[in-house]
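The values are calculated or read from the model by the stated rules, or taken from the named source; none is laboratory data. Keep in mind that what you see is a predicted model, and the values were worked out from it rather than measured. As a convention, Cβ positions derive from the backbone with ideal geometry for all residues, glycine included, and neighbour counts pool all protein chains shown.
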């Protein structure tokens with residue numbers, strides 16, 4: 001069971017007022033919940049910039065009729081098989097596909113995979129969402 005620590009912080013009135021508006025807009029139940037999320041996000045960003053291990057998802061749409069694109073995307077994914085956990089392929093319409101690639105590994109490898117996929121002609125959009133690989 002985790003231990004809970006309480007601490008106090010001092011903030012300028014304008015900053016705490018802005019934070020309270022953010023909390024309300026995001027529907028947080030308390031300042032503590034919002035602060036926990038901000039701290040976690042910053043720690044994940046630190047993992048990312050320091051090359052730590054991360055987990056995440058690459059979400060990509062592409063035109064599957066673009067000559068040789070599907071084969072190229074598969075070749076790239078095979079080159080990163082140590083980083084890719086799984087993929088899901090969805091047919092959006094006659095020309096377009098959505099691919100969701102679950103990843104886990106060194107932040108630099110995850111970023112390299114996303115960049116390598118993104119720059120291919122025929123890839124319409126790609127976004128990378130990262131999270132901590134630890135609990």
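Okay, residues lined up against (1) closer than 30 Å to residue 2 by Cβ; (2) out of contact with any strand residue (DSSP E or B) (no Cβ under 9 Å at 6 or more places or on another chain):
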| position | (1), (2) |
| --- | --- |
| 57 | yes, no |
| 69 | no, no |
| 74 | no, yes |
| 108 | no, yes |
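Based on this model, can you work out whether residue 14 counts as within 24 Å of residue 130 (Cα to Cα) and either under 24 Å from the mean Cα position of the chain (by Cα) or at pLDDT below 95 (or both)? When the stated conditions are applied, residue 14 does not pass them. Across region 85-105, the number of residues qualifying as under 28 Å from residue 50 (Cβ atoms) and surrounded by fewer than 16 Cβ atoms within 10 Å (Cβ to Cβ) comes to 5.
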